[in-house]
Amino acid sequence: MEHWNSTLGSGFILMGILKDSGSPGLLSATVAVLYTLALTSNGLLLLVITMDAQLHVPMYLLLGQLSLMDLLFTSVVTPKALVDFLSSENTISFGGCALQMFLALTLGGAEDLLLAFMAYDRYVAICHPLNYMVLMSTRVCWLMVATSWILASLSALGHTLYTMHFPFCMSRKIRHLLCEIPPLLKLACADTSRYELMVYVTGVTFLLLPLCVIVASYTLILFTVLHMPSNQGRQKALVTCSSHLTVVGMFYGAATFMYVLPSSLHSPKQDNIISVFYTIVTPALNPLIYSLRNKEVMGALRRVLGKYMLRIHPTF
């Protein structure tokens, strides 16, 4: 089979989902609204956590990092997809494809690890409240954040370099929303079976091990909450944990489908739907899930907006 020189040629063609859908205009408008919502809600949550001193605690520092990752993750994919649809030009250069893959893998992997650290933070806060400031000091919190970014970026760099070193066939069409490992490997002319096994092992390691930490943390939390004498304390713990578990379910469900299940069990159409879910829908919903039911976040938002209104209208 003839190969094409992907490094010198015109790159790839991202087929995406907008043009092939039944109502491309409606779908693109929906995606634009979700992206605007993701930018606004995550940006506002980051602003509130940064400006309000009462939220400068480990739980909200980790939540701020989650918002930053969601903000960057959706920005790696959504603007490109919308511009391609509006301009009818859906090509992406070889270097651009590699960069998009690296950024998406880094941000997805970092969020995966961060969610496990957030579960541990809730476990310490609820099960060992007296030792919370020792076990979850600011230094430990930032160490968790750095670990998430560094491990994810190293893994992403290795996967990006190895995936892009394969020779690709004459077809340049990537039947996916973004440059990701599974759809790109379908274009490779070389034998990728061993590498697909390595991707599977890495996926299990990066997804299922943190998921085990989350399940163990919330199992212990549940036992502790059920034995709480105060109904108010029990309700507050359940509200906080249910928000986190909702986000965990959305993220891990989509990522497991994409990287752990064998490719024979899902089609390109299913892959596109899942990719839209974890790159566009989830980043838009996460800050709403965390903030709408959180009295501390809503109180901080009112304080920040109140200070802003006083600056504009001193007599307000």
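What follows is calculated from the coordinates using simple rules that are stated; it is not laboratory data. Owing to the predicted nature of the structure, the values given are computational and were not obtained by experimental measurement. Backbone-built Cβ (ideal geometry, glycine too); neighbour counts: all protein chains shown.
Things to note:
- Using the alpha-carbon positions of segment 40-116, Rg (one decimal) and Dmax (whole number) come out as 15.5, 48 Å.
- Rounded to the nearest 20, the size of the Cβ-charge dipole of the chain about its Cα centre is 820 debye, with Lys and Arg at +1 and Asp and Glu at -1.
- Debye log10 I(q)/I(0) for segment 131-272, one point scatterer per Cα, at q = 0.09, 0.11, 0.16, 0.19 Å⁻¹: -0.43, -0.60, -0.99, -1.23
- Lysine pair count for the chain [Cα-Cα under 28 Å; pairs on different chains or 8 or more apart]: 13
- Cα Rg, Dmax, segment 126-213, angstrom units: 18.8, 63
- Counting Cα-Cα pairs of segment 88-132 in 5 Å increments starting at 0 gives whole-percent bin shares of 5, 19, 13, 13, 11, 9, 9, 7, 6, 5, 3, 1.
- Longest DSSP-loop-exposure-free segment, GluC sites (Glu not before Pro), the chain, at most 11 other Cβ within 10 Å: 90-316
- Taking only the Cα atoms of the chain, the radius of gyration and Dmax are 21.4, 75 Å.
- Extension gain for M198-L143 works out to 17.0 nm (0.36 nm per residue, less the C-alpha to C-alpha distance).
- Contact order relative to length of segment 133-198, as percent, for alpha carbon pairs under 8 angstrom and 6 or more apart: 27
- Length added when fully stretched, A29-L238, from 0.36 nm per residue minus Cα-Cα: 71.7 nm
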